[in-house]
Amino acid sequence: MTARGFLPRTSMNRRTFLGFGVGAAATVALASCAPAPTWIQPDSSQVRDAERRRRGTGRVTNVTLTAARIELDLAGVTASTWAYGAVPAPVIRVGAGDTLKATVHNQLPTDTSIHWHGVALRNDMDGVPPITQQAVKGGSSFGYDFIAPDPGTYWFHPHTGVQLDRGLYGALIVEDPAEPGRYDNEWVIVLDDWLDGVTATPDKVLKELSAGMAGMGGMGDMFMRMGNALMGATSDILAGDAGDVYYPYYLINGKPPADPSQFTGRPGDRIRLRIINAGSDTAFRLAIGGHALTITHTDGFPVNPVEVDSILIGMGERYDALLTLGDGIFPLVAQAEGKRDRGFALVRTADATPPDRDVSLPELSSKRIGTTARVGTATKLTASKQVVLPERRPDREISLALTGSMDAYDWAINEQRFDMSRPLGNAYEVRSGERVRLTVTNKTTMWHPFHLHGHTFQHSDNGPRKDTSIILPGRSLTVDFDADNPGLWVAHCHNLYHAESGMMTVIGYSN
Ligand SMILES: [Cu+2]
């Protein structure tokens, strides 16, 4: 489905008048009629001033990240991949308001970059070449240096090609000095869909997908692998097609089910989970056998606590949850939604026989006996009082339609495929100080995790503060944000292959 009825904002009247369908030439000609905004560049004084206003603590954490080839052991299968020394990279921890100085040494045979996902940081440190910086060339280094203003669970990964679908990712935890700390321990859980060095490289997958699936019609609802593509992966919770890519493994903290990660504690301990979906094409639903989970934060920001049996996590999303450990050994399952496979780890508080990695969990069944399913999704959450955006009428409204299809693999925003060679060609303008209302409508037949850089928006109706939100097919999401972080910010689908194929745009500040 390509949503041909949709008309981009700049050309609505003319296009209707001219009777064009999706005439690319008409769009280009009409776009050039509008006066070009004077964009606030990443190296501008406004960006430096915004950083000064963040009033950091002055504390500095220095880290070094070397992007290089490594061998990853997947229960006896060796995957040659790229990583920051380990998969995931060692956790980076700073306090809210602290400065992170991260030096990346690029020992890869190609360009790279690091994006600090979810952090409202200075624009020139956002890691999106060629928009916010030049690419870090192979054999060279780059120093990221920024204040991390808001506490929460964040992560980092390249914003260069499809490198994220290798092992180049890690957690960034920004600790809250005012944290009540009513838990005994904290576990960082990074989920990933894995293929690099096993079935293909991400670049090969992108090439295959880009050819489109138009010739693959007539397969009906059959679930099957075709090359590195996956057909018929559907999920009720995601309201249809769940993903495009076949992965041989689903990893929890870099480990496959045959060699599971182990989390240990004492019975009765209260544990804070910090869960990050670092996958590229897989939504995970996470549950721990025999345990309820109380969601406390999403995308770093607190919500009014909600108790659930499982949590649905799209690519790029994070959830924090509390649980009280039982006595024994329990399965921690990250079900790859629609893909008929799972990530698997163990939670251990006593010596006991571990559960089978295929064990079925009532927490993951769609209907628990005697009750309704309690699947944690963002739509069930409300922002905690201290992070609710103050009531305000929006100064500007921007409508984005997610468009494109598997057939042509022509993922786009408002039918305009993002072009890195002219990144501001279809950019949307905002101005400092505005309250911006963003309505994102999914005109496609599959779900997309929509991510905005540099800001944490708020879902309508007092919903959660987030930076990455699942939008189901045919549905709209309305969010508000305060334009308080000048610069040029990309907004895109966090399905890596969709983003790289064109489902990306820029929301830029202008003078
Ligand atoms: Cu998408």
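Quick look at the values:
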{"quantity": "Filtered residue count, the range 121-159, keeping only those that are open to solvent by 10 Å² or more (accessible area, probe 1.4 Å) and within 15 Å of the chain's Cα centre (by Cα)", "calculated": "1"}
{"quantity": "Any hit, the range 480-497, residues being free of Cβ contacts under 8 Å to residues at least 40 places away in the same chain and at negative phi", "calculated": "no"}
{"quantity": "Any chance Leu496 is of a type in the set (A, V, I, L, M, F, W, C), surrounded by fewer than 24 Cβ atoms within 10 Å (Cβ to Cβ) and within 13 Å of the ligand (Cβ to nearest atom)", "calculated": "no"}
{"quantity": "All positions within the range 458-470 that are away from the ligand (no atom under 11 Å from the Cβ) and open to solvent by 10 Å² or more (accessible area, probe 1.4 Å)", "calculated": "Gln458, His459, Ser460, Asp461, Asn462, Arg465"}
{"quantity": "Search result, residues across the range 499-511 that are open to solvent by less than 20 Å² (accessible area, probe 1.4 Å) and away from the ligand (no atom under 11 Å from the Cβ)", "calculated": "Thr505, Val506, Ile507, Gly508, Tyr509, Ser510"}
{"quantity": "Residue among Gly290, Gly314, Gly300, Gly338 that is over 22 Å from the mean Cα position of the chain (by Cα) and either open to solvent by 10 Å² or more (accessible area, probe 1.4 Å) or assigned by TED's automatic domain parsing to the domain that holds Met224 (or both)", "calculated": "Gly290"}
{"quantity": "Any hit, the range 480-500, residues being polar (S, T, N, Q), out of contact with any Pro (no Cβ under 6 Å at 6 or more places or on another chain) and more than 20 Å from Ile413 (Cα to Cα)", "calculated": "yes"}
{"quantity": "Residue within the range 244-259 that is in the same structural domain as Arg274 (by TED's automatic domain parsing), at pLDDT 95 or above, at positive phi and open to solvent by 10 Å² or more (accessible area, probe 1.4 Å) present", "calculated": "yes"}
{"quantity": "Test for Ala345: is it at pLDDT below 95 and under 15 Å from Gln262 (Cβ atoms)", "calculated": "no"}
{"quantity": "Subset of the range 38-63 (residues that are outside any loop (DSSP other than H, G, I, E, B), in contact (Cβ under 8 Å) with a residue 24 or more places away in the chain and open to solvent by 90 Å² or more (accessible area, probe 1.4 Å))", "calculated": "Arg48, Asn62"}
{"quantity": "Members of the range 80-101 found to be surrounded by 22 or more Cβ atoms within 10 Å (Cβ to Cβ) and of a type in the set (Gly, Ala, Ser), listed by number", "calculated": "Ala83, Ala89"}
{"quantity": "Of residues in the range 471-491 being open to solvent by less than 10 Å² (accessible area, probe 1.4 Å) and part of a strand (DSSP E or B), the one nearest to the ligand (Cβ to nearest atom)", "calculated": "Ile471"}
{"quantity": "Some residue of the range 235-242 being in the same structural domain as Ile288 (by TED's automatic domain parsing), surrounded by 21 or more Cβ atoms within 10 Å (Cβ to Cβ) and either among the charged types (D, E, K, R) or assigned to a loop (DSSP other than H, G, I, E, B) (or both)", "calculated": "yes"}
{"quantity": "Every residue from the range 442-457 that is within 9 Å of the ligand (Cβ to nearest atom) and either in contact with a helix residue (DSSP H, G or I) (Cβ under 6 Å, 6 or more places away or on another chain) or among the aliphatic types (A, V, I, L, M) (or both)", "calculated": "Met446"}
{"quantity": "Strands (runs of 3 or more DSSP E) contained entirely in the range 326-421, each with at least 1 residues that are among the hydrophobic types (A, V, I, L, M, F, W, C) and over 26 Å from Asp299 (Cα atoms)", "calculated": "329-336"}
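The values are calculated or read from the model by the stated rules, or taken from the named source; none is laboratory data. Everything numeric in this text was worked out from a predicted model, so none of it was measured. Cβ atoms come from the backbone with ideal geometry, glycine included; neighbour counts cover every protein chain shown. For the accessible areas, the whole protein counts, side chains as well, though only heavy atoms, and no ligand, DNA or RNA atoms are used. Shrake-Rupley method; radii C 1.70, N 1.55, O 1.52, S 1.80 Å.
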